[in-house]
Structure formats: C-alpha cells, structure tokens
Amino acid sequence: MSKITESARDEACTLRLDNCNGFEGVVFAHKNGAGMGQKSLDEDGKDVGFYSCHYCHSTYDSGTHPYYKKAFLDEMVEYAISETRKKLKVKELI
C-alpha cells in the first residue's frame with residue numbers, strides 16, 4: 001500500500017454525494033480511465049484519485065446514480081480530486 005493510499009485513514013470523503021457516509025470507511029479511490037478497465041496508479045501523478053466513503057466510491061465506479069447524470073458525477077469527481085490534492089500537498093505526499 002502506498003503512502004497516498006494510506007493517507008485516506010481518518011480522512012473525510014471529498015466526493016460528498018447525497019448519501020455520503022462522511023468519515024466512515026474512507027479509502028483512496030483511484031480515478032478511472034487509465035486505459036481499458038484500468039485505474040490510475042499513485043505513481044502516475046498528483047491527480048490520480050480522491051478520498052471516498054463506500055457509498056461515493058461504489059457510485060463512482062458504477063457511473064450511475066438515481067438522478068445525477070454521469071457528466072455531473074464526473075464534474076464532482078474532478079472537484080473531489082482537487083480537494084484531495086490540497087490535502088496531499090499539506091501531507092507532503094505530492
């Protein structure tokens with residue numbers, strides 16, 4: 001497990017969708033789109049993922065939500081990545 005992945009421990013979810021669990025079970029969710037069915041790797045650079053609770057992570061991975069459109073979810077993910085990037089900078093991990 002990388003230091004970036006470990007950094008999610010005790011962090012709040014940065015995606016914060018409607019049924020977000022907040023601090024509960026937060027992990028580092030890697031951004032989709034590194035290639036056919038691949039996830040980005042920590043070594044790929046600073047914009048590879050975000051802190052995510054189980055609900056937000058599974059919603060992101062499925063790309064479906066009861067009323068949010070995929071384009072809106074993608075926009076929310078980009079915002080979550082930028083929020084996570086700020087936290088990673090403070091922790092001197094990027």
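Here, each number is a calculation from the coordinates, and none is a lab measurement. The shown structure was predicted, so the numbers you read here are calculated from the model rather than taken from an experiment. Neighbour counts run over all protein chains shown; Cβ positions are idealised from the backbone, glycine included.
Using 0.36 nm per residue of separation minus the Cα-Cα distance, give me the extension gain between Lys86 and Lys70 in nm, one decimal.
Length gained, Lys86 through Lys70: 3.3 nm.
What FRET efficiency comes out for Ala12 versus Leu93 if R0 is 22 angstrom and r is the Cβ-Cβ distance? Round to the nearest 0.05.
Here the calculated transfer efficiency is 0.85.
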